[in-house]
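Asker: Here it is: the structure, laid out below.
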Amino acid sequence: MKYILTSLIVLFSVGYLLAQDVSVTTVPAARKVGIQDPFEVQYVIRNARNAQSFSLPQMKDLQVLDGPSRSTQMIEVNGHRTMIVQLTYVFKARKTGQVVIPGGVVVSDGRELKSNNVTIEVINGSVMSRQSRRQQADPFGDEDPFADLFGDEDPFAAMQKHQQQMMQMMQRQMQQSPMAQRMQPQQRAQQQPSELISRNDIANNLFIKVNVDKRSVMLGEQITVSYKLYTRLPMEINLTKLPSLNGFWSQDFKLPQPPKPVKEIYNGKEFQVFEIKRTALFPTQTGTLELDAAEAEGIARILKPKRVRQENPFGDDPFASSFFGSMMMNDPAFNDSYLTTYDYEDIPVKLKSMPVSITVNDIPVANRPSTYDGAVGNYTIESNIDKTELTTDDVATISFKITGTGNLKMIGTPVIRFPEDIDTYDPKVSDTITNTNDIIAGYKSFLYSFTPRIPGAFTIPSTDFTYFDPNLKEFKTLTTPSYTLHVKPGKNENQSAQNRLPKDIHDINATAIKIEKVSRSILPASPFYWGGFALPLLAYIGLIAYRKKEDELVSNTVLFKNKRANKIALKRLEQASNYLKSSSQSEFFEETSKAVWLYLSDKLTIPLSSLSKEVAAQKMKEKSISSELQSELFRITDECEMALYAPDRGTMKMHQTYSDAFKLIGKLEDELS
Amino acid sequence: MSRIKIISILIFLFGTLIAKSEGNIMFEKANQLYHNKLYDSASNLYQQMINDGYAHAELFYNAGNAYYRTNQIGRAIWCYRKSQLLNDSKYVQDNLALANKRIKQPILSSSPIFFIRWWRAIYSLFSINGWAIFSLSCFFIALGMLFLKKIKSSIGISSLITNTFLGMTLIGLFFMSVRMYQHQYQYRGILIGEGISFTSNTKSESIELNEGIEVIYKGKQKQGILIELPDGRKGVINPSYMLKLD
């Protein structure tokens, strides 16, 4: 920090030292040092092309700690070359009070040149601690005093950083005066003020101004706002608050890096003007919108004249007089023995721009097409389809590209009315915006991917894009062409048809239908159901039983007859025996014959009508009755018949027949049962 | 005596006519409300009809739509499933699929082994009453054949056919009892309501289910009812969350 004043003075000197003459100047780093402090003194030799040596006289009050360190610089100004050699010594004072730093002696072209003596004040103790403190707070150091205030995650901090960098660039820009280049980074010299500016006057010499190109616009119309820093002072300013652009979509313009100061006359004074920020604003709401103030903080450096008593052996040195003359010539206090030097003062400043209000009018409602979606500016639209011949497996893409100037970002996605059987995906929207000129221009593209569900021919209708032209104050509608698609079935056509679902549920069925209450009872719980099984089953069982009984009945009569045949036969034989006793011959034989035949009829189940010898023989054969018994039977029946027609056989014969018949029936009974 | 009979028959017929027309008026009113986008009122009216015992595939279908529109996905799915059980159609399938898509966290069903699938396909061929009627019809045919045989032995009906019908009768009765068992002890249901807490049987942790999931009732437990999720997990829920399907 102690170098600063030195460098300042050096800087001031430069402009006036264009002469080819050799000169030497003594430049102490401080005018006031502590006895403990080492301090630097520079001997600046100009045009010492032919300098052969440099020597310091004997010094009893000063001790050389280090040096000389040497640096050389060539400067070319208006074709004149100046060579500067700088020799730096580190001294330490041996006593307090006024100490004279003697001038150095240069031998050049055989001529001796001596630099001026400088008197400094040496005090007890040290001034270093104070200086080092000041160094810490050095606004021109690489350390940013505001850096700690803003976290890295804060988006504003990033902006801040950007602004800072910009300001540093500005600073460097200003330092590109030839003399400054050799300085160490912290030795930032400032431009030379053409006049002294007092502390109270800073506001008139350092301020931020907001320029707006329009103050009354349509919704969505572009406004260009630029924030400019006007300065007549050396300064280090950081933007602390960018205006919050509520109600606007904003797009920053690219500004040249590093920013180039422009000279501008404002209120009759010349200012260095830096454009900090230029933004295109597009209002997104109507009414009176306010651009808040931009705020900046930093340090401005003002110079203060300081009168120092000095032994000046070169009082009438043209260098010295020209050096100070321009500024101090009118100072009545100025004389040879007093030298006015400059001290600087860093003054923290806070800058605030004036808020600007902007009136935003709504887009006219009259004649506003239904397809209007907020686009303001001047646009053209292109549309493109990648294929019109495709299968149900394919995905095709329609692209829209809206090119032009205006609030591109705020253009809504145009809606394509796709046919129902085409599945669509969400459109992909991308925009490319160029912001190099004063107009926000670019293009916004929309990619609509779709896939047909079913084969066939489809027409994608044309789509309208409407924008409002703020210059002509009218709506303009652009129309894309319609496309006809020819879709063939793909490999997965069936599957896709199955998986196809309507977008929304089908509508309700509103046809009049008979709706009846339905009992929720279940059939098996009802006894009638089981009755349905039981009834036919019972009927069937009944039928079977009835059939069985009937069969039984039939078989029973046979059995009955069979069983009763014997009894009947015996009864008839008994009757016959009665006739035998009464010797009524014909009745006896008739009764015996009947007994035998009826017995046969019952026993062999031969109906009486068909009863004959042959049938009986046949039946007996079936019943496997022995032939002896058959012949016996037929002998008896024949005998009976014979006796009927040839009576009077005698009682003996009747008894014989009776017993034979009796035996025969007994035998038949045995055989048949 | 006969006059009283006639009058009572007339009253009965009139009464049923009134009842029928009432159902249709309500249905039309509800449809009208639906078309006027008063889905809440429409769904209330449909639900009232369902509660009153009216049943028709279209009634359930429309009710499902009304519930779908009012975002009651669980009830919508229940209605669509009911409609499907009465008369399946493309419309119901589509709407059911759309409703299923809106289940917040659907549980995919684990596909059962083929024979279980076949078994299910067979017994769900008919409802309980369907199987009951099927077996009774087979029984009638078989018995008719036996009758004919008995009455006129000259009619040549192979006893194989008769026995087949008798066998089908028994099969019908068997599946009927299977379905009755399920109706009584293993019925299906749809989860209804928000924040259904499901305590898994194997892991004793509790998870939250979303409405619309079809589950199978597996029995009562102390804490609630035991259900089986489509993926085979079993657990206990509060019985009020399940709406019985069949």
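The values are calculated or read from the model by the stated rules, or taken from the named source; none is laboratory data. Please read all numbers here as calculations on a predicted model, not as lab measurements. Backbone-built Cβ (ideal geometry, glycine too); neighbour counts: all protein chains shown. Note: accessible area is taken over every heavy atom of the protein model, side chains too, but ligands, DNA and RNA are not part of it. Shrake-Rupley method; radii C 1.70, N 1.55, O 1.52, S 1.80 Å.
Asker: At a Förster radius of 56 Å, what calculated FRET efficiency corresponds to the Cβ-Cβ distance of A:Thr651 and A:Glu550, to the nearest 0.05?
Answerer: On the way: r = 51 Å, r/R0 = 0.90.
Here the calculated transfer efficiency is 0.65.
Asker: Based on Cα positions only, what radius of gyration and what Dmax would you give for segment B:114-185, in angstroms?
Answerer: 15.1, 50
Asker: Something else now. Please work out the FRET efficiency for the pair A:Asp362 and A:Thr224, using the Cβ-Cβ distance as r and a Förster radius of 22 Å; give the result to the nearest 0.05. Could you put the intermediate results ahead of the total?
Answerer: On the way: r = 21 Å, r/R0 = 0.96.
In this case the efficiency is close to 0.55.
Asker: Compute the FRET efficiency between B:Thr199 and B:Asp246 as 1/(1 + (r/R0)^6), taking r as their Cβ-Cβ distance and R0 = 25 Å, and round to the nearest 0.05. The partial results should precede the final answer.
Answerer: Numbers: r = 25 Å, r/R0 = 1.00.
It comes to 0.50.
Asker: Here's a follow-up. For A:Asp252, list long-range residues whose amide hydrogen, built 1.01 Å from N in the peptide plane, is under 5 Å from its own amide hydrogen.
Answerer: A:Ala280
Asker: Under a no-solvent Debye model with one identical scatterer per Cα of segment A:517-617, what's log10 I(q)/I(0) at q = 0.10, 0.21, 0.24 Å⁻¹?
Answerer: Values, matching the q order: -0.52, -1.04, -1.14.
Asker: Still on this structure: Over the residues of segment A:416-477, compute the C-alpha Rg and express it relative to 2.2 N^0.38 Å. Mind dumping the intermediate values first?
Answerer: Values: Rg = 16.8 Å, N = 62, 2.2 N^0.38 = 10.6 Å.
Relative to the rule-of-thumb radius for its length, segment A:416-477 sits at 1.59.
Asker: Report the gain in length on full extension from A:Lys32 to A:Phe533: 0.36 nm times residue separation, minus Cα-Cα distance, nm rounded to one decimal.
Answerer: 167.3 nm
Asker: Next question. Regarding segment A:555-672, what are the three Cα extents along the principal axes, ordered largest first, in Å?
Answerer: 42, 26, 25
Asker: Which log10 I(q)/I(0) values, to two decimals, does segment B:176-234 give at q = 0.15, 0.20, 0.30 Å⁻¹ under the Debye formula with one point per Cα?
Answerer: Debye intensities relative to I(0), on a log10 scale: -0.46, -0.78, -1.38.
Asker: Explain nothing, just compute: Karplus ³J(HN,Hα) = 6.51 cos²θ - 1.76 cosθ + 1.60, θ = phi - 60°, for every residue of segment B:198-214 in order, whole Hz, x for Gly and Pro.
Answerer: Computed from phi, the couplings for segment B:198-214 are 10, 9, 5, 6, 6, 9, 7, 7, 10, 10, 10, 9, 9, 6, x, 7, 8 Hz.
Asker: In this model, which of A:Lys488/B:Lys101; A:Lys444/A:Lys491; A:Lys503/B:Lys29; A:Lys228/A:Lys476; A:Lys517/B:Lys220 are farther than 32 Å apart at the alpha-carbon? Write out the running numbers ahead of the final one.
Answerer: Values: A:Lys488/B:Lys101 29 Å; A:Lys444/A:Lys491 36 Å; A:Lys503/B:Lys29 27 Å; A:Lys228/A:Lys476 37 Å; A:Lys517/B:Lys220 30 Å.
Result: A:Lys444/A:Lys491; A:Lys228/A:Lys476 exceed 32 Å.
Asker: Another question about this same structure. Across segment A:200-214, in residue order, what do the Karplus-derived ³J(HN,Hα) couplings come to in whole Hz, using 6.51 cos²θ - 1.76 cosθ + 1.60 with θ = phi - 60° and x for Gly and Pro?
Answerer: Karplus-based 3J(HN,Hα) across segment A:200-214 equals 6, 9, 4, 4, 7, 10, 8, 7, 10, 10, 9, 10, 10, 7, 9 Hz.
Asker: With all protein chains present, calculate the accessible area of B:His183 using a 1.4 Å probe and round the result to the nearest 10 Å².
Answerer: The value for B:His183 is about 60 Å².
Asker: Extending each Cα 7 Å along its Cβ direction at B:Asp231 and A:Glu614, get the distance between those two points in nm, one decimal.
Answerer: 9.7
Asker: Could you please state, rounded to a whole Å, how far the C-alpha centre of segment A:458-478 is from the C-alpha centre of segment A:508-527?
Answerer: 58
Asker: Based on alpha-carbon centroids, what's the gap between segment A:54-116 and segment B:77-114 in Å, whole number please?
Answerer: What the calculation gives is 100 Å, centre to centre.
Asker: Let me ask you something else. Out of every Cα-Cα pair in segment B:35-132, what percent are more than 15 Å apart?
Answerer: On the way: 3143 of 4753 pairs.
Value for segment B:35-132: 66 percent of Cα pairs lie more than 15 Å apart.
Asker: Here's a follow-up. Any idea what angle helix B:39-51 forms with the longest principal axis of chain B, computed on alpha-carbon atoms, 0 to 90 degrees, nearest 10?
Answerer: Taking the Cα atoms of chain B, the angle to B:39-51 is about 40 degrees.
Asker: Mind giving me the nanometre distance, one decimal, between the label points for B:Lys104 and A:Ser69, set 7 Å out from Cα along Cα→Cβ?
Answerer: 7.2
Asker: Label A:Thr479 and A:Ile433 with points 7 Å out from Cα along Cα→Cβ: what is the distance between them in nm?
Answerer: Roughly 3.1 nm, to one decimal.
Asker: Next question. In chain B, which longest range has no trypsin sites (Lys or Arg not before Pro) that are both DSSP loop (not H, G, I, E or B) and surrounded by at most 16 other Cβ atoms within 10 Å?
Answerer: Maximal segment without exposed cleavage sites: B:38-101.
Asker: Taking the Cα atoms only, what angle lies between the long axis of helix B:128-151 and the longest principal axis of chain B, rounded to 10 degrees?
Answerer: 10
Asker: Would you kindly calculate the mean projected area, averaged across all directions, of the convex hull enclosing the Cα atoms of chain B, in square nanometres? Show your work: numbers first, answer last.
Answerer: Values: hull surface 83.0 nm².
Directional mean of the projected Cα hull area for chain B stands at 20.7 nm².
Asker: Cα-Cα over 18 Å: which of A:Lys269/A:Lys352; A:Lys571/A:Lys603; B:Lys37/B:Lys90? Walk me through the intermediate numbers first.
Answerer: Details: A:Lys269/A:Lys352 20 Å; A:Lys571/A:Lys603 15 Å; B:Lys37/B:Lys90 24 Å.
Table pairs above 18 Å Cα-Cα are A:Lys269/A:Lys352; B:Lys37/B:Lys90.
Asker: Mind running the shape call on segment A:366-498? Use the C-alpha gyration tensor, a ≥ b ≥ c as the square roots of the eigenvalues: rounded below 1.5 for a/c, prolate if a/b tops b/c, oblate otherwise. Walk me through the numbers on the way to the answer.
Answerer: Numbers: a/c = 3.18, a/b = 2.19, b/c = 1.45.
Prolate.
Asker: Ranked by accessible surface with a 1.4 Å probe, highest first, in what order do A:Leu245, B:Leu191 come?
Answerer: My answer, sorted largest first, is A:Leu245, B:Leu191.
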